[in-house]
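The block underneath contains the structure these notes are about, expressed in structure tokens.
The values are calculated or read from the model by the stated rules, or taken from the named source; none is laboratory data. Please read all numbers here as calculations on a predicted model, not as lab measurements. Using ideal geometry, Cβ is built from the backbone for each residue, glycine included, and neighbour counts are taken over all protein chains shown. Please note that ligands, DNA and RNA were not included when accessible areas were found on the heavy atoms of the full protein model with its side chains. Shrake-Rupley method; radii C 1.70, N 1.55, O 1.52, S 1.80 Å.
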Amino acid sequence: MYSKSAATLMALVLVALAGCASRFDPGALAQGQSPVQLQKRLLLTPANGGQHIAPTELQAGDMVLSNTAGLVSVGIRLLTLAPVSHAALYLGDGQIAEAVGSGVRIRPIGAFMADESTIVAFRHPGLRPEHAQAMRGFAQAQEGKKYNTLGIVLQAPFTLQRQYCELPILPGLVRDFCLRGLAAVQLGAARNDRFFCSQFVLTAYQQAQLPLTTVDPLLVNPAGLLHMREGDVPSVRTQQALQYVGHLKFEPAQSEPALASAAED
């Protein structure tokens with residue numbers, strides 16, 4: 001039987017090896033629980049208690065995260081240890097806005113669904129019609145703008161090195177300070193007038209006066225958006241946890257890369 005101090009030390013070491021953000025609560029030991037809450041690597045899916053939804057159940061302003069079976073998607077998921085690789089914004093009236101290699105585009109949700117393997121939706125509980133309208137106006141104004149290629153290229157080394165900022169021994173405020181400092185060095189050359197997918201979604205929320213976080217959207221990849229969900233541990237300080245809405249599409253074979261089995265919470 002391990003002592004409480006030994007159990008705590010072991011939990012901290014495991015989190016450090018996992019390379020993910022966590023919460024540390026020494027008081028949980030008194031209740032017989034682990035003092036460390038890890039980020040959740042897997043999705044709640046229709047296979048483990050989630051639900052399928054139809055596109056008609058989406059609300060304007062919902063965040064849509066997805067993946068495909070393509071090499072780029074698999075590479076992003078391996079790098080970020082997450083089951084999603086792309087982020088988009090539902091505008092209402094069957095329209096999706098997203099930043100892709102060709103730039104910012106708005107297209108029917110049917111076309112979006114045809115291209116993706118797994119699609120899951122999340123919702124800000126404080127979202128109101130005026131917020132959704134502001135997001136739609138922002139997306140329409142950005143349509144056709146170029147993709148932030150440099151920003152996404154710089155994300156790779158930043159994603160690897162940011163893990164040093166996410167050790168459980170670091171308080172939340174220190175973690176944020178570390179991430180912002182690292183981002184200033186690693187992402188300083190990226191432009192803010194172009195967008196990659198998650199940067200576009202976060203900026204839309206900012207423009208609607210409903211920010212999900214106070215950090216620069218350049219710091220957050222699709223995995224970072226996923227970890228803003230309820231019951232998870234966000235990589236950056238968040239204003240509001242996102243609610244799981246459901247899956248528009250779910251293909252189990254493609255939704256969880258092999259790495260996930262080694263990083264289950």
Place a label point 7 angstrom from the Cα of Glu57 along the Cα-to-Cβ direction, then list the residues of segment 94-124 whose backbone nitrogen is under 11 Å away.
-> 121
Estimated FRET transfer efficiency when R0 is 30 angstrom, pair Glu130-Arg237 (beta carbons, to 0.05) = 0.75
For Glu143 and Ala69 in the same chain, what is the full-extension length gain: residue separation times 0.36 nm, less their Cα-Cα distance, in nm?
-> 24.0 nm
Return the long-range amide H neighbours of Gly61 (sequence gap of 5 or more, or a different chain), with a cut-off of under 5 Å between placed amide H atoms.
-> Tyr90, Leu91, Gly92
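Taking the mean number of other Cβ atoms within 10 Å as a proxy for protection, how do you rank 235-243, 105-113 from highest to lowest?
235-243, 105-113
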Work out, step by step, the length gained on full extension between Val100 and Glu230: first 0.36 nm times the residue separation, then minus their alpha carbon distance; give nm to one decimal.
-> 44.1 nm
Roughly how many percent of the accessible protein surface of segment 60-126 is carbon and sulfur, given a 1.4 Å probe and a whole-percent answer?
-> 63 percent
